[in-house]
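K.L.:
For reference, the structure I am asking about is given below.
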Amino acid sequence: MALAPHLQSILTDMGDSKVADEDPSRTPEGALDFDDEAAETVEEKPHFDFFTEYLKSADQKKSVTQLPGLISSSIHLVWRAWPRGLAISSVLQVANGLGAGAQLLIGRSAANSFLSATGSAPLSKALPQLLALAAITAVMKIASTIQGYMQNVLTTRAGRMALDRVLDVATAVELSSFDSPEFYDRMQRADMNSQIRPWQMVAALLGTLSGFVGAAAIGLALFTIEPWLVPLIAIAYVPTWLLKKQNAKDRYQMMRELTANRRQMSYLQHVLTGRDEAKEVRAFNLAKTLRKRYDGLNDHSVAEQLSFARKRTAREIVGSLSAIFLVAGVLFFLLWMVSQDRLSLAAAGAAVAAVYLLGSRIEGLLSGIDSLFETSLFLQDYVSFVEMLPAIGASRPTSPAPESFKVLAVEDLSFIYPGSTSPTLTGLSLEIKA
């Protein structure tokens, strides 16, 4: 009784997810001889090597210079999914940023009216501004709710269209491509990233735009109070941005390295829980062996994720503390200016609110930029995969297949599954006569 090929491949070597391009033992060997004067010679191109080299070339081309093209591709995909939804979502993002600036200016006007009022009813002087402030806040809240709905619909529609492109490539490649762990891992990453990454790229762009508009509006209002505060607050968040960028790189690297790990875990889980596989698992007493391998892979995955989480948390704490200390220094300096009568109480109150709002908007802006950078790393895996479709057709033979043959011969055929060390087939010869 022999093991099924896929089960034998799992047991032989679960750890090798690379394919040696120049190792002839990775692919079938043999000769196909057509003994027919009318038959034309068909040159079969090496699809397996072609895809391996294509994917490696795509990895080498990764750089930040591809970001504009990725953004353009994402916007085009999401626009095709739902044009009206993307347009409305864009308008709401910009309006949200402008609303933050309007809140600050109206709040400052209300404070001035309240403090400068004489008599027994100073609140009535600031009532119009307070009503306007409440109205803007309510509109921004409603807009945020609508935007959440738009995001859900856009994510679903864009994910459907992106997945269709992955399926186009998956059904067009040669069967031998699925014997390559490198190709299969790339397909899995493209599959996962197609679901949310295109819309994430667009959402990050809109979030960056909203954060920039909001930060600019609040910064302009703060500039009219104390001009030197604007660049100082911006500098306070530079360490936060640098640390966020490093977190994005580490997250992508971790997810990429765990792709093969998760694929192997999926194989083992299928074998351990599948009805047909259950017969062989019990017949060969493989439960303990497979569970040991599964637990080892799972432990490695959890350890890598925990390690990344610790590094990310430490960096976020450092970035937050650096910004907090500098902003706190700015606030203390404002209080000192008030105590020295160099700044009015109303202006100081507006400045404190502006510093808080500007810091919040800068954090949103940095989050949008960070999301753009991180999403671009993942999206390049998807884009490089779906862009193979034209190359697939170009790599295939254009000559027609022979109409007939006299003898079809295979001599000394051998085959080794990728990741395995021993041949599944060896020394096989076959001759078929017409």
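The values are calculated or read from the model by the stated rules, or taken from the named source; none is laboratory data. The structure presented is a predicted model; accordingly, all values stated were derived computationally and were not measured. Positions of Cβ are backbone-derived with ideal geometry, glycine not excepted, and every protein chain shown enters the neighbour counts. Please note that ligands, DNA and RNA were not included when accessible areas were found on the heavy atoms of the full protein model with its side chains. Shrake-Rupley method; radii C 1.70, N 1.55, O 1.52, S 1.80 Å.
K.L.:
Return the residue satisfying two criteria in turn: it lies in the range 151-173 and is open to solvent by 60 Å² or more (accessible area, probe 1.4 Å) and more than 20 Å from Leu70 (Cβ to Cβ), and of such residues it is farthest from the chain's Cα centre (by Cα).
P.N.:
Going residue by residue through the range 151-173, those that are open to solvent by 60 Å² or more (accessible area, probe 1.4 Å) are 151-152, 156-157, 160, 164-165, 167-168, 171.
Restricting the remaining residues to those that are more than 20 Å from Leu70 (Cβ to Cβ) gives 152, 156, 167, 171.
Values: Asn152: 17, Thr156: 16, Leu167: 19, Thr171: 24 Å.
Checking each candidate, the answer is Thr171.
K.L.:
In the range 248-260, is there at least one residue being open to solvent by 30 Å² or more (accessible area, probe 1.4 Å), more than 29 Å from Ser74 (Cα to Cα) and of a type outside the set (Asp, Glu)?
P.N.:
no
K.L.:
Would a scan of the range 349-357 turn up a residue that is in contact (Cβ under 8 Å) with a residue 12 or more places away in the chain, more than 39 Å from the chain's Cα centre (by Cα), open to solvent by 50 Å² or more (accessible area, probe 1.4 Å) and closer than 26 Å to Ile106 by Cα?
P.N.:
No: zero hits.
K.L.:
Go through Asn247, Asn285, Asn298 for me and flag whichever is at positive phi and not small (Gly, Ala, Ser).
P.N.:
Working: Asn247 fails: at positive phi; Asn298 fails: at positive phi.
The unique qualifying residue is Asn285.
K.L.:
Still on this structure, please answer the following. Can you give me the number of residues within the range 337-347 that are modelled with pLDDT under 80, assigned to a helix (DSSP H, G or I) and either open to solvent by 20 Å² or more (accessible area, probe 1.4 Å) or closer than 20 Å to Ile324 by Cβ (or both)?
P.N.:
1
K.L.:
Taking interchain pairs and intrachain pairs at least six residues apart, which have beta carbon atoms under 8 angstrom, with the first residue in the range 291-304 and over 15 Å from His270 (Cα atoms) and the second open to solvent by less than 80 Å² (accessible area, probe 1.4 Å) and part of a helix (DSSP H, G or I)?
P.N.:
His300/Asn261; Ser301/Leu258; Ser301/Asn261; Ser301/Met265; Glu304/Met254; Glu304/Leu258
K.L.:
When residues of the range 64-84 are filtered for being in a helix (DSSP H, G or I), farther than 24 Å from Ile362 by Cβ and under 22 Å from the mean Cα position of the chain (by Cα), how many remain?
P.N.:
Narrowing the range 64-84 to residues in a helix (DSSP H, G or I): 64-81, 83-84.
Checking which are farther than 24 Å from Ile362 by Cβ leaves us with 65-66, 69-70, 72-81, 83-84.
Retained after the next criterion (residues that are under 22 Å from the mean Cα position of the chain (by Cα)): 65-66, 69-70, 72-81.
Of the residues in the range 64-84, 14 are in a helix (DSSP H, G or I), farther than 24 Å from Ile362 by Cβ and under 22 Å from the mean Cα position of the chain (by Cα).
K.L.:
If a residue must be in a helix (DSSP H, G or I) and surrounded by 17 or more Cβ atoms within 10 Å (Cβ to Cβ), how many such residues does the range 264-293 contain?
P.N.:
Step one: of the range 264-293, the residues in a helix (DSSP H, G or I) are 264-273, 275-283, 287-293.
After this cut, where a residue has to be surrounded by 17 or more Cβ atoms within 10 Å (Cβ to Cβ) as well, the list is 264-265, 267-268, 271, 277, 280-281, 290, 293.
Going through the range 264-293 one residue at a time, the tally reaches 10.
K.L.:
So Thr426 clears everything in (1) loosely packed, with under 13 Cβ neighbours inside 10 Å; (2) at pLDDT below 85 except one condition, right? Which one?
P.N.:
(2)
K.L.:
Any residue that is under 16 Å from Thr240 (Cβ atoms) and either among the polar types (S, T, N, Q) or part of a helix (DSSP H, G or I) (or both) - is there at least one of those in the range 373-391?
P.N.:
yes
K.L.:
Also, I was wondering about something else. Among the residues of the range 163-185, which ones are modelled with pLDDT of 90 or more and assigned to a helix (DSSP H, G or I)?
P.N.:
Correct list: Leu163, Asp164, Arg165, Val166, Leu167, Asp168, Val169, Ala170.
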